[in-house]
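Note sheet for the following structure.
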Amino acid sequence: MRTPVQVIAGDQVPAREIGPVTQTDVVRFAGAGGDFNPLHHDPAFAEAAGFPGVLAMGQLHAGMLAAWLSDWAGVEHLRELEVRFVAPVFLGDVLRFSGEVTTVDGDRAALELAANRGGEPVIRARAAITRRS
């Protein structure tokens with residue numbers, strides 16, 4: 001088991017960029033999760049629905065955020081993760097994940113997290129991890 005991260009309120013989670021999101025990313029995730037909604041693979045269907053093109057399923061970028069957080073804090077130390085989708089993610093988007101430790105209570109730290117595309121939020125999230133003092 002990895003040692004919990006040592007953090008205090010105000011600490012920044014090291015940022016990470018992932019992308020650009022590709023059709024292959026979306027197809028692989030659809031196959032793994034069984035989400036074959038045509039919004040994710042059929043450009044004409046997506047455009048008829050009012051989007052500029054196919055979009056990634058929300059759980060794809062939520063999973064990217066969870067992986068980024070787990071890489072830093074250790075999955076064994078993740079206690080809570082709440083994700084809110086703010087905007088769709090499209091092919092070609094580069095996502096920047098960032099976060100801050102907001103509060104610390106004993107061995108538990110609360111975090112505010114975000115995924116942004118060119119400065120525009122696509123995910124807002126909250127998490128709790130165990131931490132080392």
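The values are calculated or read from the model by the stated rules, or taken from the named source; none is laboratory data. If you're wondering where the values come from, they're calculated on a predicted model, not measured in any experiment. For neighbour counting, all protein chains shown are included, and Cβ atoms are generated from backbone atoms with ideal geometry for every residue, glycine included.
When you go through Ala109, Ala128 one by one, which is the residue that is part of a strand (DSSP E or B), crowded, with 21+ Cβ neighbours inside 10 Å and modelled with pLDDT of 95 or more? Explain how you work it out, then say what you get.
Details: Ala128 fails: crowded, with 21+ Cβ neighbours inside 10 Å.
Being part of a strand (DSSP E or B), crowded, with 21+ Cβ neighbours inside 10 Å and modelled with pLDDT of 95 or more holds for just one of Ala109, Ala128, which is Ala109.
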Q | Enumeration of residues in the stretch 50-98 that are farther than 22 Å from Ala110 by Cβ, in contact with a Gly (Cβ under 9 Å, 6 or more places away or on another chain) and not aliphatic (A, V, I, L, M) | A | Gly53, Gln59, Pro88, Phe90, Gly92, Asp93
Q | Residue tally, condition farther than 16 Å from Arg117 by Cα, over 15 Å from the mean Cα position of the chain (by Cα) and of a type outside the set (D, E, K, R), over the stretch 14-52 | A | 22
Q. Which members of the stretch 64-104 meet the condition of being under 21 Å from Arg28 (Cα atoms) and touching a Pro at 6+ places or on another chain (Cβ under 7 Å)?
A. Phe90, Gly92, Asp93, Val94
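Can you name every residue in the stretch 79-96 that is closer than 11 Å to Ala127 by Cβ and surrounded by fewer than 16 Cβ atoms within 10 Å (Cβ to Cβ)? It would help to see each step written out before you state the result.
Within the stretch 79-96, the subset closer than 11 Å to Ala127 by Cβ is 79-83.
Within the stretch 79-96, Arg79, Glu80, Glu82 qualify.
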Q: Assess whether Gly99 counts as being in contact with a helix residue (DSSP H, G or I) (Cβ under 9 Å, 6 or more places away or on another chain), surrounded by 14 or more Cβ atoms within 10 Å (Cβ to Cβ) and part of a helix (DSSP H, G or I).
A: no
Q. So Arg2 fits all but one of (1) modelled with pLDDT under 95; (2) under 20 Å from the mean Cα position of the chain (by Cα); (3) among the basic types (Lys, Arg); what number is the exception?
A. (2)
